[in-house]
Amino acid sequence: MRKRWGVLLVVLGCLVWVGIWGNGIQTLKTSSASVAKAAGMHLPLVGRRESAHATPIESIVQPRSLQRTYYYHFAKGVDPDFKPLFDKAISVYNETGIVNLVAGKPTTFQNGLTFFIYEKEMPRANFLELGEGGPEIKHGLSYRTPSLNLARAGLNVTYPAGQETSVAIHKIGHALGLDHSKDHTSVMYPIDQGHMKLSPGDIKALKLIYTGQMK
């Protein structure tokens, strides 16, 4: 009889211990989330449950590693008729105050952005390549030396759809480090929606890249 009571007491003790341990784990999880929120910490843009409207960042771009000023120029062969498309797109990004796109060619230690046009017919009627380009990162020799971005942004002028300012805005977004978004209101949505201004998710991602902040 004593043996049975002993076994029963051991089982009850284990159940109580498990209950305390489980509550402890839950408390730790809650505390971690509270601390992160209080400290203003942000989880990565990719993989968050709250990221439905977030704009991801190109994998080769590291936040706070790039200078905010870019010197841009047009490649040879760009028809003057297409330059206004890029000019309007440039103004969209300059109006954010986050980046500064300045006409001119970069020096050795400055970010550069080259605009170009090309013609390319697509074999499949259900898919049109409206442009290409993106960031080209050159990392500094030490942690004190900022990385450089010698980016490119081009429009496929074979199709009328590739001759839209919204497409130029999208391509410049890639050049500056923004990746494709699942948000239909984002200029980085893979299919052109005709948007002429950045979404809140686009702005947050741009701030994270160039200031390390999202607010």
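Every number here is computed from the coordinates shown, using simple stated rules; none is lab data. Treat the numbers as computed from the prediction; the structure is a model and nothing was measured. Please note: Cβ atoms are built from the backbone with ideal geometry, for glycine as well, and neighbour counts cover all protein chains shown.
Given segment 51-211, what whole percent of its Cα pairs are spread farther than 27 Å?
When all Cα pairs of segment 51-211 are counted, 20 percent exceed 27 Å.
HN-Hα J couplings of segment 176-187 from phi, Karplus 6.51/-1.76/1.60, θ = phi - 60°, integer Hz, Gly and Pro as x?
The phi angles translate into 7, x, 7, 9, 5, 10, 8, 7, 5, 8, 7, 5 Hz.
Give me the distance between the Cα centres of segment 59-128 and segment 131-197, rounded to whole Å.
If we compute the Cα centre of each part, the gap is 7 Å.
In 5 Å bins starting at 0, how do the alpha-carbon pair distances of segment 132-208 split up by percent?
The percentages, shortest bin first, are 3, 16, 23, 22, 16, 9, 6, 3, 1, 0.
Could you work out Rg/(2.2 N^0.38 Å) for segment 69-137, with Rg from alpha carbons only? If you can, show how the numbers build up before the last one.
Numbers: Rg = 14.1 Å, N = 69, 2.2 N^0.38 = 11.0 Å.
Its radius of gyration relative to the 2.2 N^0.38 Å reference: 1.29.
If you place +1 on the Cβ of every Lys and Arg and -1 on the Cβ of every Asp and Glu, how big does the dipole about the Cα centre of segment 51-211 come out, in debye to the nearest 20?
Values: 16 positive and 15 negative charges, 131 e Å.
Here the size comes out at about 620 debye.
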